[in-house]
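Just so you know, all these numbers are worked out from the coordinates, no wet-lab data involved. Because the structure is predicted, anything quoted here is derived from the model rather than measured. Because the Cβ atoms are built from the backbone with ideal geometry, glycine has one as well, and the counts that use them run over all protein chains shown.
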Amino acid sequence: MIPFHLRRLGVIMQPEPGNPYEEGGVLNPGVTRGPDGGLYLFPRLVAKGNYSRIGIARVLFDGEGNPSGVERLGFALEPEADYELHPGGGGCEDPRITFLEPLGRYVMTYTAYSSRGPRIALAQSQDLIHWTRLGLATFDPCDGIECTAQDFSDIDNKDGVLFPALLPDHQGQQSVAMIHRPLFRGTDAHETVHHPAPRTVELASESIWISYCPMDGSDGERTRLGHFRSHHRLACPVAPWERLKIGGGTPPFMTPEGWVLLYHGVSGTPESPGYPKRLHYNAGVIVLDKEDPWRLLYRSPKPILRPEGDEEREGVVDNVVFPTGVDVRSDLGTPRRVDVYYGMADYRIGVASLVVPEELPPEAQADPPGCKV
């Protein structure tokens, strides 16, 4: 039995006919409650040539409180900085948004796509409408905590998500913590799909990591938000449904059991004998310790969301479910209900309702050294 029960609520947003900014798809949104209590969606909008902007939309609800549609409000970010531009186009992609309550601001992490490749960038806002770029995330060299000589300083990196609270790093300093997935050479699913199975996972280079940005002052102004250190390996591929690659998904949210986040895993299966393998993006759940989030308490042995309907199996990239936003439904008096917003086949956005169980089952999976999948 899968303890985290999820129920699909349907498509919440898809490309608007005749809208040139959306002809390539609307997908992978950031989600957050605004200062007015409303729910706001920040979708990736793809125009011709894979030119991506980050939009703003207000989520609409039906009489039962279920999300039923969106009202488009414009753009949050368009490619302007050099780290967002490449010859012939640019990319502000796949935002995640966290309200950092101790700092009193919203912070967006997103993928900035330039000629150098994908990198994690940050922006901040007080009102969700006006955004100020903070630049690319930067990293200290690995400091010896479960780390090898490899470095995060100048490699592709994606799927950065922030915790909403300050947490102590390995030196005890209150910090902004970020989960991210460095893409060392040879670790992308399009590369690992060609490896024979079983294969040995290289733990340091194929894992999700957690890194910390210390905040020296209570207002966070004396340290640049965006420079991370004190790295710790969090999880690597273990189960068959994530054999090729794992990466971050939604920002973590707090429950009595710990920090909960959805993440994505990639597997590959041939459509028929003799044909190349096709990638399948699935979603699972991780629960982390409240005080020490590098400590994994639970990991779903099977995906809680996998491509099933036509909207998830057919699109710009087939067979993709990609969760990037959550909304804890305390407004309905049901704090254990969490609405999950996710990309469907890289073309439209779906939403599903997740019920967080009151007890964690015992089947958490660890990452044994030299694990084989």
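Using θ = phi - 60° and the Karplus relation 6.51 cos²θ - 1.76 cosθ + 1.60, list the HN-Hα couplings for segment 123-130 in order, rounded to whole Hz, with x at every Gly or Pro.
Each residue of segment 123-130 in turn: 9, 9, 7, 9, 10, 6, 9, 9 Hz.
Taking K and R as +1 and D and E as -1, what net charge do the other residues with C-beta under 12 Å from the C-beta of residue 330 add up to?
Details: positive: 33, 329, 336, 337; negative: 327, 331, 339.
Result for the neighbourhood of residue 330: +1.
Provide, for q = 0.06 Å⁻¹, the log10 of I(q)/I(0) from a solvent-free Debye sum over equal Cα point scatterers in the chain.
-0.20
How large is the charge dipole for segment 155-212, taken about the Cα centre, if only the Cβ atoms of Lys, Arg (+1) and Asp, Glu (-1) carry charge, to the nearest 20 debye? If you can, show how the numbers build up before the last one.
On the way: 4 positive and 7 negative charges, 8 e Å.
Here segment 155-212 has a charge dipole of around 40 debye.
For the chain, what does the helix formula give at 222 nm: sum of -39500 (n - 2.57) over DSSP H segments with n ≥ 4, over the residue count, nearest 500 deg cm²/dmol?
Details: 2 runs with 8 residues, N = 373.
Helix-only estimate at 222 nm: -500 deg cm²/dmol.
For segment 5-355, how many pairs of lysine residues have a Cα-Cα distance under 27 Å, where the two are 8 or more positions apart or belong to different chains?
Taking the Cα cut-off of 27 Å, the pair count is 10.
Could you pull out the longest piece of the chain with no exposed loop trypsin sites (Lys or Arg not before Pro) in it, calling a site exposed if DSSP puts it outside H, G, I, E, B and it has at most 10 other Cβ atoms within 10 Å? Please list the in-between numbers first.
Numbers: sites that count: 48, 185, 222.
Free of exposed loop sites, the longest segment is 223-373.
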